1. Filter region 1-13 down to the residues that are over 13 Å from the mean Cα position of the chain (by Cα) and at pLDDT 95 or above and list them by number.
2. Only one residue in Ile41, Ile96, Ile65, Ile75 is over 12 Å from the mean Cα position of the chain (by Cα) and β-branched (Val, Ile, Thr), so which one is that?
3. So which residues in region 48-85 are within 14 Å of Ile18 (Cβ to Cβ), hydrophobic (A, V, I, L, M, F, W, C) and surrounded by fewer than 17 Cβ atoms within 10 Å (Cβ to Cβ)?
4. So, in region 44-62, of the ones that are more than 13 Å from the chain's Cα centre (by Cα) and not aromatic (Phe, Trp, Tyr), which residue ends up nearest to Phe33 (Cα to Cα)?
5. Inside region 13-35, can you point out the residues that are assigned to a loop (DSSP other than H, G, I, E, B) and either hydrophobic (A, V, I, L, M, F, W, C) or over 21 Å from Leu90 (Cβ atoms) (or both)?
6. Which one of these is in a helix (DSSP H, G or I) and in contact with a strand residue (DSSP E or B) (Cβ under 9 Å, 6 or more places away or on another chain): Leu90, Leu100?
7. How many residues are under 21 Å from Glu2 (Cβ atoms), in contact with a strand residue (DSSP E or B) (Cβ under 9 Å, 6 or more places away or on another chain) and assigned to a loop (DSSP other than H, G, I, E, B) if we restrict to region 39-80?
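The values are calculated or read from the model by the stated rules, or taken from the named source; none is laboratory data. In this text, all values refer to a predicted model and were calculated from it rather than measured experimentally. Here Cβ is always computed from backbone atoms with ideal geometry, including for glycine, and neighbour counts include all displayed protein chains.
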Amino acid sequence: DEGIEVEYVEEMKKTNSIYCTENLNKKDKYTVFLDGNHPYIKIKTNFKKDRKLLIIKDSFANSFIPFLTGHFSEIHVIDPRYYKEDMVELIEKENIENILILYSVNTFFKN
């Protein structure tokens, strides 16, 4: 978690951890990962190479994202259930070359 900056873009909130440990006191403990679901989260890491990843996801991916922070300098996380902007524009603006879709099958077929 060291050297990480997490920006909840639409909420205009920043933190230095992908874990929200205060949420361990809540009923839904799964929100300890990235404080639950948000339309767009931008994670900057201390990874030395300029590698950027876009993750298109549902809540299924939240617990997996911490494992990717050691492999990318920036991780852009989009939840299309809430993100209503143009994803192609975001990809071009941020020069993203890698995309990962992490969706549970049930949510994928509902959306």
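1. Start the filter on region 1-13 by keeping residues that are over 13 Å from the mean Cα position of the chain (by Cα), which leaves 1-3, 11-13.
Of everything in region 1-13, those that are over 13 Å from the mean Cα position of the chain (by Cα) and at pLDDT 95 or above turn out to be Glu11, Met12, Lys13.
2. On the way: Ile41 fails: over 12 Å from the mean Cα position of the chain (by Cα); Ile65 fails: over 12 Å from the mean Cα position of the chain (by Cα); Ile75 fails: over 12 Å from the mean Cα position of the chain (by Cα).
It is Ile96.
3. Residues satisfying the conditions are Phe64, Phe67.
4. So in region 44-62, the residues more than 13 Å from the chain's Cα centre (by Cα) come out as 46-51.
Narrowing the set further to residues that are not aromatic (Phe, Trp, Tyr) leaves 46, 48-51.
Details: Asn46: 19, Lys48: 24, Lys49: 25, Asp50: 24, Arg51: 22 Å.
So, considering only residues that are more than 13 Å from the chain's Cα centre (by Cα) and not aromatic (Phe, Trp, Tyr), the one nearest to Phe33 (Cα to Cα) is Asn46.
5. Quick first cut of region 13-35, residues assigned to a loop (DSSP other than H, G, I, E, B) only: 16-18, 20, 26-28, 34-35.
Across region 13-35, the qualifying residues are Asn16, Ser17, Ile18, Cys20, Lys26, Lys27, Asp28, Leu34.
6. Numbers: Leu100 fails: in a helix (DSSP H, G or I).
Exactly one residue qualifies, and that residue is Leu90.
7. 11
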